[in-house]
Amino acid sequence: MRLLAALCLAAALDAHAELYKCVDEQGKTRYTDKPAADCKQSAITGSPPISGTPVERHEDLSAQERDFQRRQRQQQASEKKDQQALEQRCTRLRQERTLLGDGRRIVKIDAKGERVYMDDAARDQRLAQLDSELRGCP
């Protein structure tokens, strides 16, 4: 058991090794863990963050989760409302289609308050329009 712990410790020490950049006479770049005598060595420094200074994030994941759940509930409520509106519209269209399709005379009241009967051409046109609108209904 002690031997296993010693081996794990030794492996961890090797993982913390330095890195050397070596450029030879032909301009070829090599990266090694040991400095080479025949190459010009240059120090490797980490590049700064793109935005300039590093910014620590102190965001609370539970707040993000609450925001996500809130947005999801709002979206579901909106979809449910849209679905109900579509169902109501389709119900009205089906009722009008049934009313026009049974062959009875349809009477509308004009701006003067007089009765105006719908002729067959207007009925056929409205039936065709209703059929095309009903194609989008579930």
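Just so it is clear, none of the values below were taken in a lab; they were calculated from the coordinates. Because the structure is predicted, anything quoted here is derived from the model rather than measured. As a convention, Cβ positions derive from the backbone with ideal geometry for all residues, glycine included, and neighbour counts pool all protein chains shown.
Quick notes on this one:
- Estimated vicinal HN-Hα couplings, Hz - the stretch 21-32 in sequence order (Karplus 6.51, -1.76, 1.60; Gly, Pro = x): 9, 10, 10, 8, 5, 7, x, 7, 9, 10, 10, 9
- Amide H contacts under 5 Å for Ile106: Met118, restricted to partners 5 or more places along the chain or on a different chain, H placed in the peptide plane at 1.01 Å from N.
- Note, ³J(HN,Hα) from phi for the stretch 63-75, Karplus 6.51, -1.76, 1.60, rounded to Hz, x at Gly and Pro: 5, 5, 5, 4, 4, 4, 4, 5, 5, 5, 5, 5, 5
- Hits among lysines - C-alpha to C-alpha of Lys21 under 16 Å, sequence gap 8 or more where chains match: Lys34, Lys40
- Note that the stretch 86-100 has calculated 3J(HN,Hα) couplings of 5, 5, 5, 4, 5, 5, 4, 5, 5, 5, 5, 4, 5, 4, 6 Hz, one per residue in order, obtained from phi through the Karplus relation 6.51 cos²θ - 1.76 cosθ + 1.60 (θ = phi - 60°); glycine and proline are x.
- Summing +1 for each Lys or Arg and -1 for each Asp or Glu among the other residues whose beta-carbon sits under 10 angstrom from that of Glu96 gives +3.
- Within the stretch 66-138, the trypsin sites (Lys or Arg not before Pro) that combine a DSSP coil assignment with at most 11 other C-beta atoms in a 10 angstrom radius are Arg104, Arg105, Lys112, Arg135.
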